Each structure stands twice: as C-alpha cells, then as structure tokens.
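Before any comments, here is the structure.
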Amino acid sequence: MTKPSLTDLLHAAVAAVGGTERPGQVAMAEAVAEAIDDSTHRLIQAGTGTGKSLGYLVPALAHGERVVVATATLALQRQLVERDLPRTVEALHPQLRRRPQFAMLKGRSNYLCLHRLHEGAPQDEEEGLFDQFEAAAPTSKLGQDLLRLRDWADETETGDRDDLTPGVSDRAWGQISVSSRECLGASKCAYGAECFAEAARERAKLADVVVTNHALLAIDAIEGAPVLPQHEVLIVDEAHELVSRVTGAATGELTPGQVNRAVKRAAKLVDEKTADALQTASESFERVMELALPGRLEEIPEDLGYALTSLRDAARNVISAIGATRDKSVADEDAVRKQALASVENVHAVAERIIAGSEYDVVWYERHDRFGATLRVAPLSVSGLLREKLFEDRSVVLTSATLKLGGDFNGVAASLGLSPEGVEADDAPVWKGLDVGSPFDYPKQGILYVAKHLATPGREGTRGDMMDELAELIEAAGGRTLGLFSSMRGAKAAAEELRGRLDHPILLQGEETLGELIKAFAADPKTCLFGTLSLWQGVDVPGPSCQLVIMDRIPFPRPDDPLMSARQKSVEEHGGNGFMAVAATHAALLMAQGAGRLVRASGDRGIVAVLDPRLATARYGSFLKASLPDFWYTTDRNQVRRSLAAIDAAAKADGK
C-alpha cells in the first residue's frame, strides 16, 4: 500500500475538525515531519489562526512512534485531548490503517489520592478535619467540598482535578492529594491497584501521543528520574512560556510557616532531643524572617547564614532519625512518615542550596502583607539545563505565535541554550527556524497606534494625560476595550477613575473569576475589561466585543525584580547588552502576546493603542515594533479616533 502523503492526511484532519486548510499549515506540518525524520530541532512561529495544533498533530500521529506534546495552558490541553486528537485519529485511521492511542499525563498532585480520601490526611493544625465527611449537613465550605470530593471519587474515571466541575478550593484539594514525595508508592499502598495517578502513567506508556504540561516536562528534566515515558520526539506548544515554567519548577522557597509544619510532622516520629533541635532552628529562622526586607541577597547575611546552617543540620538529623525508627503505635504510620520526610527534606534541600552560594543561583526576600516574608532561590539561567536535558537524545519542535522577537528567533533561542541560527557551536544543538505566517491580513485588519504626544511614564503617580487619552479612546470605540496594564495598581486606578467618567461598564480583574469576567466582556460590546498579566496572554474574544486593545505602558520588568535584574547584570558582565537581552526581550514577548488579543478571526477589525511614547521615540522602539503583528502604524490621534468611530458604527450597523 502506498504511504499516504502528509498533505492528504492534513486535509482529512482539517475536514474532521470542521475547519478549512489554512496558509502555513502545510508548511508547518512538513517542517515537523522533517524534524522527526532527521532527528533535528525546529523553532516554528505560527500566528494566531494558523491551526498549528493540527500542523504538529498530523505528522506526530503519522510518525508511528511515541511523541510527547507539552503545553502551558489547561485550555489547550483540553482542546487537544477532548477535540483535536479524537477527531484527527478517526480521520486518519483509514489512511494510516491503525488507530493511534493518546493520553494525558500530569503531576501526581493533580490526581485524587484514594489513600488520602479513605484513610485521611495526616493533620497538623486541624485535628478531626476529615470528621466532616461523616457530618449529615456540613456547614463549612471546606466540609461541603470534601463531601463532594468523596461522591466524585465514586464517579470519576480519571481522578483528574481538572475534570471536577465546578472546582474546589486548593485547601480542600490538598486534603485528598499527595505530591510525588508524599506518595507511598503503588506497591506499598493499599489502594495502589486503583490509583488514578498510576493508571494515568500506564495509559501514557501505551499511548502514541502523550499530552502533558510544561511543569511536568521541567520536572522530568530537572530531577533526573524520568516521569514521562520514553520518547524520541518532543513538541512544545506555547513555547514562549517554557523558560518561565522551567524557572518556576527550579525555584526553591522557605517560609516560617512551612518550616513550622515540618517541625510538627517530624515531632511525631523522632526523639525529643532531635525534634527540639529542629524547633530551635525553626525559631531562629523565624526571627530572621521577621526583619527581612524585600530584595536580592547578593551575599547571605551572617544571621541568615547561621539560621540556615542550623536548619540544614537539624533537618539532616531528623531525616536520619526518621529513616532509623518506625513507631508501630502511630496510626497509618507510613503516610505520616512520608509526609514528614517530604517536608523536612524540602527544608534541608533549600537551606543547603542557599548556603552553598552558587554563582548560578539568585537568592532574595519577598514580603507579602498577609503572609509575611518568603526566602526564594532560583537559577540565574535555565539555558544550560535546557540545552543539556531538553535537546539531547530526541528531536524537539518548539512552536508559538510569538517566537520571533525583534524580527528573528535568536533571542528566544538563546534563552533555550541554543546558538544563533546558522552558527554551529560544539556544545549547542543545531536548529532551524521557520515563520509560517498568519492567515490574517494584519495591515488591513488592525492599526498600531502609539500616543507619541503623552508624557513618558514615571514609576509613581497617576498619569492624568494618559487617563484623558484612555477615556477618549474608549468613548470613540463605544466600549469594546481590553485594557492591559503593567501593574494591578495601574489597572485599579484606571478602573476607579473611568467608572466615574464614562457610562460604559468597566470590569476589573480580581473582582470576579477570570472566566466569568471574560464571559461578561464577550457578551456585551459596550463593556470594557481591565487587568494585568493573565489578560495579556489569556483572552480569546473574537468579534466586536474586543476592537480596542490598550497597553498603558511598555511592560518592562520592575527595576527591583531580583531575578530579572540579576540576569540583566550577568549579561552585562559577559559583555552583552543586558537591557536588550532581558528587559526589552521580556517586554517584546508580552507586547506581542497582548497585541495578539485583537485579531482572533478573519473578520476582526480594531486598534492596538500603546499609551507610552517611548515605543515611537526610544532606540529600542524598533525592536519592540518588529515583535508585533504587522499592523498599519500611526501616531495620529485624530486619525485613530475617526477609525475607532467608523469601526464602532459598522459593528452597530451589523447589530453588534
């Protein structure tokens, strides 16, 4: 039988999901297939509306060997597993003469733990919490959530938290889930044969395509012990998020509350002297943290170093003692031991890491008004880790709508540990970049407007001229505005100001769940939605409800951001341009994502307005503009108001 062509397979898949073949899809599918066949690497930019999911799923399914697909968002994971993969598998089955299998795999704490559910969680602060399961009519929200979880456990086939609708609080879920460190292991657990997490792993071992998330991919790379099944092809979608997610997975933290929980758990299992030593070290650490001021610690202060050394040594003794003793009188002692060990081992590991003072780590204090101080440690860069762990022994395809920053892939490539395109280095993998474009006609569908006449934003204070400009733009647009702000304080100030000046409803992030806010925004074209980071990247509202996207300022990282400033300084010390490599690249990525909220369908029309004159006047402005969709560009405020009024009138004429 003749092997079906990739074009024929793609055509069948597109028809199966009810779509039409889009420009760039074939080019993308061919590039992915070539990377798989040649065991090479690709960075592929596929603009909004390209249909990139099918562009990589079709060659992945045709490959015949296991492929792992890692995504950043739950929405895309669900789309792949619940819509795209089932339909594509059925569409390709006649031509492939086989029905490829697919599965979802997440970290263990995403699955309900039957041992915790039935035996109860070892508790520190809330004795008798699980007694609420037995209450006829629990009055607390927590008790109601726990009863609902018990009922759901009898109904669910996956035990996956994301399949529970509506969801429950993190506090409730924490009572019936375990981390990988806390898990007893299938062979030692009375419920091992029924374990949801183990079942998910077994399904993944049998699947041709395994869909996972960036976090689990990071853990697989960092911890050395494989958590993903063996595979020779990795496809990373939403790849612009990967460095941030890997950094998060490689970040350690210590808080007084966290250390106190470790002390309480350990006290049940070790002798009084060993427990007292950890308690004393915990109190010393807490005294230091009470005085901690936010900011980077380029050198560890003497008092903190002493407290951390005491913590590390006491934690090490507790770990040894727990391993050497086993108290038969403690009910369900295995679970108690695993939870205590997990807590104390984390304290030991983070304290040890900070004391080691690696030049490749950044240490800083954070302070929250409600939760107090936190001590954090994160890698200065994850590029070396990714170069070594991600690209060795497999073919990797990274794709996103925003991988070309400043007009090329090299900025993103450098963050991944790759050399500039076309430059070979002994320790860096070879890769190719491809921009398959977008089906949208950006110069005809959108305008990029820079309010060049406004004052340059400062660090503090309300910008009166910016508020006037914002109000006038919203009035001209008839509402229909997504306001993207660089800080929550800025979003709140704008919402408060404009609610008193405009008749249009203004929704503010944080006043409702994000899902409810987006639903309300999409339902009423007169409505505006203001918010910060998750809106820059997480809003998909095609049509007349979103015809004006406003960015209050260029979203550079804060100058006092410990990790970003450390990375910028490191680049400068090695002879590079730290501002462009870190701050400008960070801003370019966010602006590209934010501008991408405007045109989500072929009929969309509108304006992206940047209320920061530096985009038009600063030397780095051309780099930022080159990272955005190719909209028609202007600084003419009167032209923009006329255009907005015309777009609004056209939408109203269509009954929208």
Q. Got a number for residues in the range 487-497 being without any contact (Cβ under 8 Å) to a residue 40 or more places away in the chain, open to solvent by 10 Å² or more (accessible area, probe 1.4 Å) and in contact with a strand residue (DSSP E or B) (Cβ under 9 Å, 6 or more places away or on another chain)?
A. 2
(Q) So residue 347 ticks every box in (1) closer than 27 Å to residue 245 by Cα; (2) open to solvent by 20 Å² or more (accessible area, probe 1.4 Å); (3) of a type in the set (Val, Ile, Thr); (4) part of a helix (DSSP H, G or I) but one. Which box is left unticked? (A) (2)
Q | Those residues of the range 548-600 which are in contact with a strand residue (DSSP E or B) (Cβ under 8 Å, 6 or more places away or on another chain) and among the acidic types (Asp, Glu), in sequence order | A | 552, 560
(Q) Looking only at the range 399-421, how many residues end up being within 21 Å of residue 595 (Cβ to Cβ), in a loop (DSSP other than H, G, I, E, B) and over 19 Å from the mean Cα position of the chain (by Cα)? (A) 4
(Q) I'm trying to understand the selection: among the residues of the range 420-448, which are open to solvent by less than 80 Å² (accessible area, probe 1.4 Å), under 22 Å from residue 36 (Cα atoms), in contact with a strand residue (DSSP E or B) (Cβ under 9 Å, 6 or more places away or on another chain) and in contact (Cβ under 8 Å) with a residue 24 or more places away in the chain? (A) 429, 431, 433, 434, 435, 436, 437
**Q.** Out of 209, 236, 227, sole residue that is in contact (Cβ under 8 Å) with a residue 24 or more places away in the chain and open to solvent by 20 Å² or more (accessible area, probe 1.4 Å)
**A.** 227
**Q.** Filtered residue count, the range 425-443, keeping only those that are assigned to a loop (DSSP other than H, G, I, E, B) and within 20 Å of residue 382 (Cα to Cα)
**A.** 4
Q. Would a scan of the range 43-56 turn up a residue that is modelled with pLDDT under 95, of a type in the set (A, V, I, L, M) and open to solvent by 20 Å² or more (accessible area, probe 1.4 Å)?
A. no
(Q) Looking for something closer than 30 Å to residue 569 by Cβ, among the hydroxyl-bearing types (Ser, Thr, Tyr), open to solvent by 30 Å² or more (accessible area, probe 1.4 Å) and in contact (Cβ under 8 Å) with a residue 40 or more places away in the chain - is there at least one such residue anywhere in the range 318-340? (A) no
(Q) Just to be sure I understand the filter: pairs with C-beta atoms under 6 Å, separated by 6 or more residues or on different chains, first member in the range 15-31 and of a type outside the set (A, V, I, L, M), second member not in a loop (DSSP other than H, G, I, E, B). Which pairs pass? (A) 21/14; 25/55
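Okay, residues lined up against (1) open to solvent by 60 Å² or more (accessible area, probe 1.4 Å); (2) within 26 Å of residue 401 (Cα to Cα); (3) modelled with pLDDT of 95 or more; (4) of a type in the set (Asp, Glu):
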site	(1), (2), (3), (4)
74	yes, yes, no, no
78	yes, yes, no, no
81	no, yes, no, no
84	no, yes, no, yes
87	yes, yes, no, no
96	no, no, no, no
99	yes, no, no, no
106	no, yes, no, no
110	no, no, no, no
(Q) It is to be established whether one or more residues within the range 484-500 are within 29 Å of residue 626 (Cα to Cα) and in contact with a helix residue (DSSP H, G or I) (Cβ under 6 Å, 6 or more places away or on another chain). (A) yes
Q | Unmet criterion (only one of (1) over 23 Å from residue 369 (Cβ atoms); (2) at pLDDT below 95) for residue 294 | A | (1)
Q | helices (runs of 4 or more DSSP H) contained entirely in the range 556-641, each with at least 2 residues that are open to solvent by 10 Å² or more (accessible area, probe 1.4 Å) and free of Cβ contacts under 8 Å to residues at least 40 places away in the same chain | A | 562-573
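Out of the range 472-486, which residues are in a helix (DSSP H, G or I) and either crowded, with 22+ Cβ neighbours inside 10 Å or under 32 Å from the mean Cα position of the chain (by Cα) (or both)?
Filtering the range 472-486 for residues in a helix (DSSP H, G or I) gives 472-477.
Correct list: 473, 474, 477.
Return yes when residue 411 is touching a helix residue (DSSP H, G or I) at 6+ places or on another chain (Cβ under 7 Å), over 23 Å from residue 635 (Cβ atoms) and touching a residue at least 24 places away in the same chain (Cβ under 8 Å) and no when it is not. Walk me through it before giving the result.
On the way: touching a helix residue (DSSP H, G or I) at 6+ places or on another chain (Cβ under 7 Å): yes; over 23 Å from residue 635 (Cβ atoms): yes; touching a residue at least 24 places away in the same chain (Cβ under 8 Å): yes.
Yes: the conditions hold for residue 411.
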(Q) Looking at the range 268-313 only, could you name the residues that are in contact (Cβ under 8 Å) with a residue 40 or more places away in the chain, in a helix (DSSP H, G or I), open to solvent by less than 30 Å² (accessible area, probe 1.4 Å) and among the small types (Gly, Ala, Ser)? (A) 275, 305
Q) Applying the selection to the range 498-527, what residues are of a type outside the set (A, V, I, L, M), buried (at least 18 other Cβ atoms within 10 Å of the Cβ) and either more than 24 Å from the chain's Cα centre (by Cα) or not in a loop (DSSP other than H, G, I, E, B) (or both)? A) 504, 521, 525, 527
Q.
For the structure I just gave you, tell me whether residue 490 is modelled with pLDDT under 95, of a type in the set (Gly, Ala, Ser) and outside any helix (DSSP H, G or I).
A. no
Q. Does the range 452-465 contain at least one residue that is outside any loop (DSSP other than H, G, I, E, B) and either buried (at least 19 other Cβ atoms within 10 Å of the Cβ) or under 32 Å from the mean Cα position of the chain (by Cα) (or both)?
A. no
**Q.** the range 239-254, residues that are in contact with a strand residue (DSSP E or B) (Cβ under 6 Å, 6 or more places away or on another chain), open to solvent by 30 Å² or more (accessible area, probe 1.4 Å) and either on the phi > 0 side of the Ramachandran plot or not charged (D, E, K, R) (or both)
**A.** 240, 251
Q: Go through the range 213-238 and give me each residue that's of a type in the set (Val, Ile, Thr) and over 18 Å from residue 36 (Cβ atoms).
A: 219, 222, 227
**Q.** Considering residues of the range 162-173 that are farther than 19 Å from residue 75 by Cα and open to solvent by less than 30 Å² (accessible area, probe 1.4 Å) only, the residue modelled with the lowest pLDDT
**A.** 172
Q. Going by the conditions given, is residue 177 open to solvent by 60 Å² or more (accessible area, probe 1.4 Å) and either among the hydroxyl-bearing types (Ser, Thr, Tyr) or closer than 30 Å to residue 56 by Cβ (or both)?
A. no
Q) What single numbered condition from (1) in a helix (DSSP H, G or I); (2) in contact (Cβ under 8 Å) with a residue 12 or more places away in the chain; (3) acidic (Asp, Glu) fails to hold for residue 359? A) (1)
Q: Name the single residue, out of those in the range 16-31 being more than 20 Å from residue 41 (Cβ to Cβ) and at pLDDT 85 or above, that is surrounded by the most Cβ atoms within 10 Å (Cβ to Cβ).
A: 25
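The values are calculated or read from the model by the stated rules, or taken from the named source; none is laboratory data. Since this is a predicted model, take the numbers as computed values, not measurements. No Cβ is skipped: glycine too gets one built from the backbone with ideal geometry, and neighbour counts run over all protein chains shown. Ligands, DNA and RNA are excluded from the accessible area calculation, which covers all protein heavy atoms including side chains. Shrake-Rupley method; radii C 1.70, N 1.55, O 1.52, S 1.80 Å.
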